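Written out below as C-alpha cells is the structure these notes cover.
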Amino acid sequence: MATAHAPDWLAGGDRRELAVRRLVGSARELLVERGVEKFSAEAVAARAGCSRATLYRYVGGRTALIDAVVAEAAATVAERVEREVHGLRGSERVVEAILASVLAIRADRTLQEWFLGRRTARSDEYFSRSGAMAQLATRLTGMAQDHPHGGDWVVRVVLSLLAWPGQDPDVERDLVVTYVAPAFA
C-alpha cells in the first residue's frame, strides 16, 4: 500500500514531489547545458542546492536522473504525436508517427540539444537500447505488440532521421513513405 505524503506546511506541497520536481528540473537544465557526457549526479545536487545523499534518496543516481528527464520530454513528444496520428491506421499511421516524432523532437528544447547539438555515441546507445522508447514507438505507430523488435526499429528510423536529416521535410517524407511504409502495407 502506497503511503500518502502529507503536505509540508513550510514547502507548500508534498515534500517528496517538490524535491523530485526540483531535482529533475536541475537535471534537465544541466543535460541541455553540458550534454550527456559531462552530466553528473553531483552537479545536479549542487544545482538543486542539496546533498548527493538527498538526491539519491529522492531520485537515484545519474541513470535515474537521465531516465526521468527523457521520460518527461518523451511524454511531451508523445502527446503531440498522438494528436497528429489520431484516427490513422496501418502504414499511414506509422509514416505520420515517425515524421511527427522527428518534428516534435526537433522542437523540444531538451531533446533538440541532445540530438541536434551534442550527439554522442553514449546518447545514441541510450536511445537505441531504451525499452521505454521502443514501447512508446510501438504504441504511437499502432504496431502489433507481438513483434519483439518493431518498436526498436522505429526508434532507429527516427534516430537516423535526426542524425542524418533529409534535405527538407519533403525528402524525409519521401524516404519514410518509400522505404518504411511498405513494411506495414
Please state which of the following conditions Arg106 fails to meet, knowing it meets all the rest: (1) farther than 20 Å from Leu31 by Cα; (2) more than 11 Å from the chain's Cα centre (by Cα). (1)
Given (1) over 23 Å from Ser130 (Cβ atoms); (2) among the acidic types (Asp, Glu); (3) under 22 Å from the mean Cα position of the chain (by Cα), where does Glu37 come up short, assuming only one miss? (1)
Applying the selection to the stretch 31-56, what residues are free of Cβ contacts under 8 Å to residues at least 40 places away in the same chain and either touching a Ser or Thr at 6+ places or on another chain (Cβ under 8 Å) or assigned by TED's automatic domain parsing to the domain that holds Phe115 (or both)? Val44, Ala45, Arg47, Ala48
Among the residues of the stretch 40-68, what is the count of those that are farther than 13 Å from Arg22 by Cβ, under 22 Å from the mean Cα position of the chain (by Cα) and not in a helix (DSSP H, G or I)? 3
Scope the stretch 62-74; condition free of Cβ contacts under 8 Å to residues at least 60 places away in the same chain and either in contact with an Asp or Glu (Cβ under 8 Å, 6 or more places away or on another chain) or surrounded by 14 or more Cβ atoms within 10 Å (Cβ to Cβ) (or both); matching residues: Arg62, Ala64, Leu65, Ala68, Val69, Glu72, Ala73
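The values are calculated or read from the model by the stated rules, or taken from the named source; none is laboratory data. Keep in mind that this is a model prediction, so the values were computed, not measured. As a convention, Cβ positions derive from the backbone with ideal geometry for all residues, glycine included, and neighbour counts pool all protein chains shown.
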